[in-house]
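Each value in this text was obtained by applying a stated rule to the coordinates, not by laboratory testing. Bear in mind that the values here come from a model prediction, so they are computed numbers and not experimental data. Here Cβ is always computed from backbone atoms with ideal geometry, including for glycine, and neighbour counts include all displayed protein chains.
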Amino acid sequence: TPSSQVEATDEDAALAAQGDALPDDVKTPEPATPASPSTGFKKQRIITQEDIEERARLNKGRKRYLSVDEDWESFEATVSHPITYLKRSVLYKESVQKAKEVNELIGDVEITSDNTNKGSEKNAAKWTPTSRIDSKGYGTYYRAIEGTAFHSLKVVGEVESNILATLAVLCELDMYKEWFPMCWQSEEQGRVGDLHRWSTFTVSCPWPVASRQVFIGGFGCDCVYQKKIVIVAKSIDPAKDFVPIECHIPAPNSKCVTATLTCGGFVLEPLQGGRTKVSFVMNIDPKLKVAPTSLINWFSGKLIWVLLKNLGSAVVKSEKKGSPYIARREEQKELYEYFRRRALQVLPADHL
């Protein structure tokens, strides 16, 4: 039976003994490596041969892409079976995995009549409401994943801004610390193209629990023909997962405990009148020996609801003159113009 108090891990106790608790008046420490003041992510540097050799050493034994020679040998072996060759290709495997993660997230958002998640293959457990649920299904939910240390949290609601403005705030990863609950450090670590990005987030926790940090890889999925935009994110373990050379691998923070996130993220849906339905799902192992019911109820029923309120306020502020979000959109005109064109192709004018 969970205790009424938080039971910290040995790692939490060790950190607390060091006297490294974050003062109440300190919100965001100076980052170890300064980011670009305008874009928020590290400026692109010239990749040297030494960089390539070092990353090859780090990636040894991890999931990796086929080399040109290996891919050609695969082609020669299956030249008479093009479908087999296609299914063996890295692009196919990556696409299938990403499609699976998108469907899983959408399935976790969509609730059936018996309150089970519709599309997730990993867990068919019921979502338990932790707040009043209205006729639209808006509210907060919790789900325990039996046999694991993971806890699932979900919030569904609306923001009074259109989907493009909402997406613009969610795209700026280094600015999550301005609105995401309890987040005091957020930094983009790199990107491949515009829609695949890596980042580090650190959130504070009640004493004596140390701050939790996550290194996340994520991507955006253009599902506008389904009238959805999906943003999927999950933890990256540099010791096991392939990390592209464009991405900086952050050094472990000795003052934080590394938490683990499985497939989660945001699902955005445009509504009439220029509003947006926002669903957020987080599947997290917080690395606690015991996660008391009182803490779970507080976090899932109250704190996560604040996320939606904070996001709505951030979107409104992002449209005001002098907002840093406006400067970001100017710096990335091609990306935001792409978003606008795609939305205009399928959405009615009163949804934008």
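For every other residue with a beta carbon closer than 13 angstrom to the beta carbon of K98, add +1 if it is Lys or Arg and -1 if Asp or Glu, then tell me the sum.
Charge balance near K98 sits at -1.
Sorting check: for 210-221, 240-251, which peptide has the highest mean count of neighbouring beta carbons within 10 Å, and how do the rest follow?
Order by mean packing, descending: 210-221, 240-251.
Direction-averaged shadow area of the convex hull around the Cα atoms of the stretch 160-319, nm²?
If you wrap the Cα atoms of the stretch 160-319 in a convex hull and average its projections, you get 10.3 nm².
Need the full-extension length gain, D194 to K289, defined as separation in residues times 0.36 nm minus the C-alpha distance. One decimal, nm.
Values: separation 95, 0.36 × 95 = 34.20 nm, distance 3.83 nm.
Stretched fully, the D194-K289 segment lengthens by 30.4 nm.
Ranking request for peptides 172-180, 324-332: highest mean number of other beta-carbon atoms within 10 Å first, then the rest in descending order.
Highest to lowest by the protection proxy: 172-180, 324-332.
Taking K and R as +1 and D and E as -1, what net charge do the other residues with C-beta under 14 Å from the C-beta of L303 add up to?
Surrounding charge for L303 is +4.
Just to confirm a number: summing +1 for Lys and Arg and -1 for Asp and Glu over residues other than F280 whose beta-carbon lies under 15 angstrom from that of F280, what do you get?
Surrounding charge for F280 is +2.
What order do you get for 161-169, 223-231, 136-144 when each peptide is scored by the mean count of other beta carbon atoms within 10 Å, highest first?
161-169, 136-144, 223-231
In nm, to one decimal, how far is the L347 label point from the L303 one, both placed 7 Å along Cα→Cβ?
Inter-label distance under the simple model: 3.1 nm.
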